[in-house]
Amino acid sequence: MAEKAEFIRPRRHISQKVSKTGGPSPEHAIVKALNAAEDIISGYQGWAVDDMEKLWLTFLGFVDTDQGKITEEHVLTMYNLSHEARGQGGSFGFPLITLIADSLCKFLDGRGGLTTMDLEIVRIHILALKAVFRQNLKGDCGALSREIPNLLLALRNKAGIGENHHQ
Amino acid sequence: MSGYDFQNLRVLIADDSRQIRALLKSFLSGFGIKNISEVSDADEAFIEMSNFDPDLVIIDWNMPPTNGLDFVEKVRLGENSPNPYVPIIMLTGFTELFRVKRARDAGISAFLAKPLSAQSLYKRLIAVVDDNRPFVRIKNYFGPDRRAARRTQFMGVERRGQ
């Protein structure tokens with residue numbers, strides 16, 4: 001028997017506060033938004049380099065740790081830092097950061113520990129992230145934006161963690 | 001002047017990244033929204049729901065130690081929820097299908113994948129304003145009608161099949 005569902009139309013709806021006319025055109029609204037965000041976007045590289053250093057130091061802490069003692073919690077710490085970089089890179093004009101951090105997230109997601117080979121793969125990802133800032137690789141980087149994810153996928157596949165490892 | 005006028009909206013932003021909050025706030029201000037409140041975690045967001053009474057919440061999924069999904073469930077199903085019907089946009093770097101489904105099943109109104117752009121945020125705002133789905137209450141779910149979302153998504157395919 002189908003589950004009984006109750007359908008409700010809320011009395012208050014967001015559309016009651018928004019007029020569909022009288023505001024700027026979508027194009028104009030987006031230009032205004034980009035102008036409003038100009039300062040924060042241009043400041044990204046400065047603080048993101050510090051975040052990347054934090055990621056690197058966390059990694060070095062792993063290398064100094066006896067591998068058997070790298071716990072799921074340690075991996076989660078690094079995953080969270082990579083996850084932040086993945087979300088922020090493209091948002092602030094560095095899509096390559098998002099692509100590389102996405103690969104690192106896929107590699108770390110759900111892992112209980114890290115082997116010597118795993119640590120090497122993590123190291124390569126972080127060095128690639130640092131290189132993007134060092135070379136100031138902003139915006140669409142053309143062929144590089146296609147080649148890097150493929151290379152990193154090949155690297156993950158070497159360790160047996162490619163696409164869809166969660167699905 | 002030919003577009004949506006968002007100036008009367010009250011928007012609550014919850015993200016643990018100060019920079020992402022600043023970016024969101026700048027975009028929303030650019031769209032003409034003046035009343036914006038920002039918090040850095042899900043528990044604070046729930047408290048701010050009562051103080052600020054937002055028309056829309058934009059919340060990040062991954063905010064250790066709590067997360068955006070817990071917030072959505074608390075708002076939709078919690079006995080002391082200030083507004084169980086408030087539209088919620090889930091902002092996240094998680095884009096895997098099983099995670100999108102999990103967020104939908106918690107009762108979100110829309111999903112906004114990072115990286116963020118002014119265009120993607122504008123589109124989601126319009127989608128939420130134009131979203132006229134009823135809310136549905138069943139045994140383990142309260143939120144926007146998920147079947148209506150699926151019908152809309154597959155409308156083109158159904159028409160071709162007729």
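Values in this text are rule-based calculations from the coordinates and carry no lab data. Everything numeric here is computed off the predicted structure, so don't read it as measured data. Glycine gets a Cβ as well: all are built from the backbone with ideal geometry, and neighbour counts include every protein chain shown.
Counting only trypsin sites (Lys or Arg not before Pro) that DSSP places in a loop and that have at most 12 other Cβ atoms within 10 Å, the longest clean stretch of chain B runs over B:35-138.
For segment B:10-161, the Cα-based Rg and Dmax, in that order, read 15.1, 50 Å. Listed cross-link partners A:LYS54/B:LYS123; A:LYS54/A:LYS106; A:LYS130/B:LYS34; B:LYS74/B:LYS101; B:LYS34/B:LYS139 are compared with a 28 Å cut-off, the Cα-Cα value being larger for A:LYS54/B:LYS123; A:LYS130/B:LYS34; B:LYS34/B:LYS139. The length gained by stretching the chain between A:LEU127 and A:GLN16 to full extension, at 0.36 nm per residue less their Cα-Cα distance, is 34.9 nm.
When the GluC sites (Glu not before Pro) in segment B:70-108 are filtered for DSSP coil states and for at most 13 other beta-carbon atoms within 10 Å of their beta-carbon, the remaining sites are B:GLU79, B:GLU96.
For segment B:87-102, putting each phi into the Karplus relation 6.51 cos²θ - 1.76 cosθ + 1.60 with θ = phi - 60° gives couplings of x, 10, 9, 8, 9, 7, x, 7, 10, 5, 4, 5, 6, 4, 5, 5 Hz, in residue order, rounded to whole numbers and with x for Gly and Pro. Sites listed here are GluC sites (Glu not before Pro) in segment A:72-167 whose DSSP assignment is loop and whose Cβ has at most 14 other Cβ atoms within 10 Å: A:GLU163. Across the protein assembly as shown, counting alpha-carbon atoms alone, Rg and Dmax equal 21.1, 65 Å. Using r as the Cβ-Cβ distance of B:ALA148 and B:ASP43, and R0 as 25 Å, what FRET efficiency do you calculate, to the nearest 0.05? Efficiency, rounded to the nearest 0.05: 0.20. Once the C-beta distance of A:SER25 and B:ASN35 is scaled by a Förster radius of 30 Å, the resulting FRET efficiency is 0.85 to the nearest 0.05.
Peptide B:53-64 has a mean shielding of 2, counted as Cβ atoms of other protein chains within 10 Å of each residue's Cβ. Between B:ASP105 and A:MET117, the modelled labels are 3.4 nm apart [label points 7 Å from Cα along Cα→Cβ]. Extending 7 Å from the Cα toward the beta-carbon at both A:LEU76 and A:LYS138 defines two label points whose distance is 3.7 nm.
Loop sites here are trypsin sites (Lys or Arg not before Pro) outside DSSP states H, G, I, E and B with no more than 14 other Cβ atoms within 10 Å. The longest part of chain A free of them is A:13-167. In chain A, the longest principal axis of the Cα atoms and the axis of helix A:116-134 are about 50 degrees apart.
Net charge dipole, segment A:1-127: roughly 980 debye, given to the nearest 20, about the Cα centre with Cβ charges of +1 for Lys and Arg and -1 for Asp and Glu.
DSSP beta bridges confined to segment B:10-161 are antiparallel in about 25 percent of cases.
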